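Notes to accompany the following structure.
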Amino acid sequence: MKKRVEHGLERFIFSSRWLMAPFYVGLIGALALLLIKFVQELLHIVPNILTLKDTEVILAVLTLVDLSLAGNLLLMVIFAGYENFVSKIDTGDSEDRPEWMGKVDFSGLKLKLVASIVAISGIHLLKTFMNIDQVNKEDLISLVGVHMAFVVSGVLLALMDKLSAQSHHIKGH
């Protein structure tokens, strides 16, 4: 009887992973919202391309790159999160399956997330530098500080993962 209760409880706990599925569906909705903002930005640039200043075009393109990176970040979280925590995604024999799909573990996902956040932060900082005459010194210092915090966090996270991997490798021998 005890074994049946334990087995039932474990099956219930294991099945609870499906509670995460709506989160990933919601993130797909967020990806669609990013697409809407991307198209909105693009439609703003195209008709005005001949009248915009060079710096305005560069800022607009940086905004498009920023939105694209955020979309990539969401896609990585959706794919890797779903595959790591809910269920494997069966794409059949599709040639379009991303090479990294199914190979990114939680540690790899963390590093990819931090790298994306650093890139997005860097683009935001670059956009700020493009408008340096409109930014006060305190805001600029704050933005550089936040960006550096992301960079240092990313380096420390990568270092911790490397040390952890070495520790597991040493214990395995």
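Just the Cα atoms of the range 1-82: what Rg and Dmax do they give in Å?
21.9, 78
Would you be so kind as to identify which of LEU27, PHE85, GLN40 lies farthest towards the positive end of the dipole of the chain, taking Lys and Arg as +1 and Asp and Glu as -1 on Cβ and the Cα centre as origin?
PHE85
Taking other Cβ within 10 Å of each residue's Cβ, how do ASP161, ASP105 sort, fewest first?
If I rank by nearby Cβ atoms, fewest first, I get ASP105, ASP161.
Express the Stokes-Einstein translational diffusion coefficient of the chain in µm² s⁻¹, to the nearest whole number, given a Kirkwood radius over alpha-carbon pairs, 4 °C and a viscosity of 1.567 mPa s. Working shown, then result.
Numbers: Rh = 19.7 Å.
So the translational diffusion coefficient is about 66 µm²/s.
With angles folded into 0 to 90 degrees, how steeply does helix 137-172 sit against the dominant principal axis of the chain? Use alpha carbons for both and round to 10.
The angle comes out near 30 degrees.
Using 7 Å Cα-to-Cβ label points, what is the ASN72/LEU111 separation (nm, one decimal)?
Taking the simple label geometry, ASN72 and LEU111 are separated by 1.6 nm.
For the range 1-35 and the range 101-173, write down the distance between their C-alpha centroids in whole Å.
Cα centroid of the range 1-35 versus Cα centroid of the range 101-173: 29 Å apart.
Given 25 °C and 0.890 mPa s, how large is the Stokes-Einstein diffusion coefficient of the range 27-121 in µm²/s, with Rh as the Kirkwood radius over Cα pairs? Please list the in-between numbers first.
Details: Rh = 15.2 Å.
Reported coefficient: 162 µm²/s.
For helix 2-15, report the angle its Cα long axis makes with the longest principal axis of the Cα atoms of the chain; keep it between 0 and 90° and round to the nearest 10°.
Helix 2-15 sits roughly 20 degrees off the main axis of the chain.
To the nearest 10 degrees, how steeply does helix 21-45 sit against the main Cα axis of the chain, on a 0 to 90 scale?
Value to nearest ten degrees: 10.
Assigning unit charges at the beta carbon (Lys, Arg +1; Asp, Glu -1) and nothing else, what dipole magnitude in debye, to the nearest 20, does the range 9-140 show about its Cα centre?
Values: 11 positive and 15 negative charges, 68 e Å.
Here the size comes out at about 320 debye.
Read-outs throughout are calculated quantities, based only on the coordinates presented, and are distinct from any laboratory measurement. Just so you know, these numbers come straight off a predicted model, no measurement behind them. Because the Cβ atoms are built from the backbone with ideal geometry, glycine has one as well, and the counts that use them run over all protein chains shown.
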